[in-house]
Amino acid sequence: MSERVGLDPDLAAGMASVLSRGILLLDGIVDELMRTIRASADPLDRALDAGAPVIAPWSLPIAVAGLRHLGEAGRNALQLMRELGERVERQRFASSADDASYGLGWVSLARAGALYGAARRDPAVLEDLAPSAVASLFRALTTRQAEELLEAWPVQIGRLEGAPYALRDAANRATLQHALEEASLPADSPRRLAAERTAQALDDAAARGLGPVQLVVLDLPEDGAKTDMRAAISIGDLDRAEDIGVMVPGMNSNVEGSMRSLTWNAGNMQLDLRSPAFNRSEVPTAVVGWMGYESPTENPLDPDRFVGGDHLADAGGEQLNRFLGGIDVTNANARVTVLAHSYGTRLATYALSTGGRADALVMYGAPGVAEGIDTAVEIAGVGDGRVYSTKSAGDLLGSTGNVIDDAIRAGATGAWGNLGVDVLGEEMSDLDGRPNADPNDASFRAKVFATRDTPGHGLGEEGGSYSGYWGPPGTDSLDNGARIMLGLEPAA
């Protein structure tokens, strides 16, 4: 899905030529040093040579030391030439190949060196780079240079879309450890609680033995509220995965209260992918639990966070687009599926109709999509005919078609469980009471599949104690999500 661009191959070839000429100059210097060494070793012959300059007694050790350093410099230069030659070939391929394997963005080697030097002093120079430019930069850096940036600026590198995910994982784990060890943080501070839940989610995932676990997003503002914390954990290696799923949760989600269950759900999908039905144990896959936005609340008295509005979906959609853009440039050949639940479907449809791209979109329990979208074909960032939706028969959310009616019914009976969640606003209606488009309606033209074994609107929790849309492996909703991730059609 990437635009095919690359490092400037002509500039790289020119640099290789300059370096080659520099090595030839070293040969002349080595010859002069060798002549000095020979003369110093036989000063009597030198002294009998009329008109020859007298060799100082200290010239021998100086010449030997100089030769040794030149030899080391020459070896380093030759190694650099070999690496540069490999890059030249890769970038020539990137500029001429028919596929988009190296969708990197134009960052010349000269500019990469300048950016690296500037970033060593101030990481802010990296923050305005597009993910494609970031990916290009890190492909140009040596392993040691990338590690130096990580050691100097772990917070900034950890959230840098386009940087290798293995590097971001190491950076984010360093940041997480620092937050856990901050003695000055109160036990009930949002930063500490979010850090603790994220650490627990990582431990839970590692204990399940589902392969690499990567902390690919972590943002824990020191003075932030609970809703300001961000995290995302991948079950599987995002740098190498051939099939990737990104799980986007709905309202009332946050790192402190949701990260463990969201990560557990991602593990559930991985277990499903590895089941005999799909047999993907030998093919790298990754499923991300993405808590990368501020989710809304059901409280209409809090207009800034009320679920009936679009602004949090819009803001979250921009963040999701940036995350997807990072995947697109670091692992351009991967098939990417967005798996969205409830309010997350509004966010995802906004994102994928405003520049975001994915190979497929799966909506679970959607009470309504983003404002202004009436049919699946308007979600332009998704592959042709790859918009899917499902709603369990037990999911009564939004069944009346009006947020006010839902509120009255819930308030009169006090039976929130009949709606499937503790919500009233997630009808996704505009304030005039007109509901947004229902993706499960035939007029929307999504591919709708049945979910028969999910009792309500919720999600699975850690330990599989609740059979939600992303609950235990083997359910209709997970099986069909796995099929779509692999490019297949859902079962009837």
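The values are calculated or read from the model by the stated rules, or taken from the named source; none is laboratory data. Computed from a predicted structure; not experimentally measured. Quick reminder, even Gly has a Cβ in these numbers, built from the backbone with ideal geometry, and neighbours come from all protein chains shown.
The table that follows gives values for the structure above.
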{"read-out": "Residues within the stretch 195-209 that are over 16 Å from S261 (Cβ atoms) and in a loop (DSSP other than H, G, I, E, B), tallied", "value": "1"}
{"read-out": "Residues satisfying the stated conditions in the stretch 357-379, i.e. assigned to a loop (DSSP other than H, G, I, E, B), of a type in the set (G, A, S) and modelled with pLDDT of 95 or more", "value": "none"}
{"read-out": "Options R192, R168, R111, R139: the member that is modelled with pLDDT under 80, not in a loop (DSSP other than H, G, I, E, B) and not hydrophobic (A, V, I, L, M, F, W, C)", "value": "R111"}
{"read-out": "Some residue of the stretch 277-295 being acidic (D, E) and buried (at least 22 other Cβ atoms within 10 Å of the Cβ)", "value": "no"}
{"read-out": "Some residue of the stretch 335-353 being outside any helix (DSSP H, G or I) and aromatic (F, W, Y)", "value": "no"}
{"read-out": "Pick from the stretch 157-186, criterion crowded, with 19+ Cβ neighbours inside 10 Å and of a type in the set (S, T, N, Q), ranking: nearest to the chain's Cα centre (by Cα)", "value": "N172"}
{"read-out": "Residues located in the stretch 301-320, provided they are charged (D, E, K, R) and either more than 10 Å from L347 (Cα to Cα) or touching a Lys or Arg at 6+ places or on another chain (Cβ under 8 Å) (or both)", "value": "D302, D304, R305, D310"}
